[in-house]
Amino acid sequence: MTTYKTKALDASTWPDFARLVEANNGVWGGCWCMWYHPKGESPDDSAASKRKAKERLVREGRAHAALVYDGAQCVGWCQFGSPQELPQIHNQRAYFAIQPELPAWRITCFFSGKGYRGKGVAAAALAGALEQIKELGGGRVEGYPEDIEGRKASPAFLFNGALSTFESLGFKRERLIGKHKWVVTRTVS
């Protein structure tokens, strides 16, 4: 079993993050993990523009992630941030239907590089994100994972994570907001 280490995404780890994204076609065709950030952070939808915007947000301290390392190589991450930092989520209409109290933190996106999918990177990334959230003052944390129990789902497309991963780290189901998508919560103190 591989023992992974995690580090915060910041100016010093940006080159590791960028290498992983570039090695994987900009992630999902050039997203650069920008979809959840406020619209307008990138002047256009090109991968180059998103890369530049993501680097700027990282250097300004407005983009957070737990990067996962296998030795010196960055192999994945878990993005997190406040609702102001990450206002976009999938299934927003169902999410806001009950006028929820917004959390202190959101877990929005996971990525594991080629050759590392299904090998515990997401669990290590989520644990690393929770540790960083604790260091940043904690609070109520939400995630929006997919329940894959009893059905086939490719790890490459579980960008919001698997429900079982969240539950293994103490998250509780709050409500369903899609056919298989849950709002899960945990308080980090």
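Every read-out reported here was derived from the displayed coordinates using simple, explicitly stated rules and does not represent laboratory data. Small disclaimer: the values here were computed from a predicted structure and weren't measured. Ideal geometry is used to build each Cβ from the backbone, glycine not excepted, and the neighbour counts take in all protein chains shown.
When percent of Cα pairs over 24 Å apart is calculated directly from the model, which label among (i) 54; (ii) 46; (iii) 34 fits? Label of the calculated value: (iii).
Net charge dipole, region 1-142: roughly 220 debye, given to the nearest 20, about the Cα centre with Cβ charges of +1 for Lys and Arg and -1 for Asp and Glu. Which parts of region 125-151 would a label at residue 10 reach, counting a residue when its backbone N lies under 14 Å from a point 7 Å out along Cα-to-Cβ? Once the point is set 7 Å along Cα→Cβ of residue 10, 132-133, 135-137 turn out to lie under 14 Å by backbone N, inside region 125-151. Applying a DSSP loop filter and a limit of 14 other Cβ atoms within 10 Å to the trypsin sites (Lys or Arg not before Pro) in region 1-69 leaves 39.
Here the label points at residue 134 and residue 168, each 7 Å from Cα along the C-beta direction, are separated by 1.8 nm in the simple model. Simple rule: put +1 on each Lys or Arg Cβ and -1 on each Asp or Glu Cβ in the chain, find the dipole, and look at 92, 137, 75; the Cα lying farthest toward the positive end is 92.
Projected area of region 134-189, taken from the Cα convex hull and averaged over every viewing direction, in nm²?
Projected area, direction-averaged: 4.3 nm².
Annotation: the residues 176, 136, 86, sorted from fewest to most other C-beta atoms within 10 Å of their own C-beta, follow the order 176, 136, 86. Karplus-based coupling profile of region 45-55, in residue order and whole Hz: 8, 6, 4, 4, 5, 5, 4, 4, 5, 5, 4, with θ = phi - 60° in 6.51 cos²θ - 1.76 cosθ + 1.60 and x standing for Gly or Pro.
Residues 177, 107, 148, arranged from fewest to most other Cβ atoms within 10 angstrom of their Cβ, appear as 148, 177, 107. Shown for 41, 85: other C-beta atoms within 10 Å of each C-beta, ranked fewest to most, produce the order 41, 85. When the P(r) is computed for region 90-165, the part past 14 Å accounts for 66% of the Cα-Cα pairs.
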